[in-house]
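Written out below as structure tokens is the structure these notes cover.
Every read-out reported here was derived from the displayed coordinates using simple, explicitly stated rules and does not represent laboratory data. The structure presented is a predicted model; accordingly, all values stated were derived computationally and were not measured. Counting neighbours? That spans all protein chains shown, and the Cβs are built from the backbone with ideal geometry, glycine included.
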Amino acid sequence: MAVNLSVVPKRAERQEITAFLRKDLRRVVNIHGAMFQKLLFQNEELPLELADLFEDAGNRYLDISEQITQLHRSRQKTKD
């Protein structure tokens, strides 16, 4: 669900994208939090699904990190 932020010319559009990223990040954090709680405390052993969740969460957060970086780069381009 990556958003192409390479050229974001208008301030209003950047604000909309920022709002979208915040909403998406909140949703992702809530979902992952619930999944971690379930998998961490469902039994005494750590399930294999927990390892999968860590990988999926890590990849998703890397995607979000790239989107935020791209947003800041697009802002810098409009300032220059």
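Filtered by the rule that a residue be surrounded by 12 or more Cβ atoms within 10 Å (Cβ to Cβ), among the polar types (S, T, N, Q) and more than 19 Å from the chain's Cα centre (by Cα), the range 30-80 gives GLN42, THR78. Could you please let me know if ALA19 is within 30 Å of ARG75 (Cβ to Cβ), of a type in the set (Gly, Ala, Ser) and surrounded by 12 or more Cβ atoms within 10 Å (Cβ to Cβ)? When the stated conditions are applied, ALA19 does not pass them.
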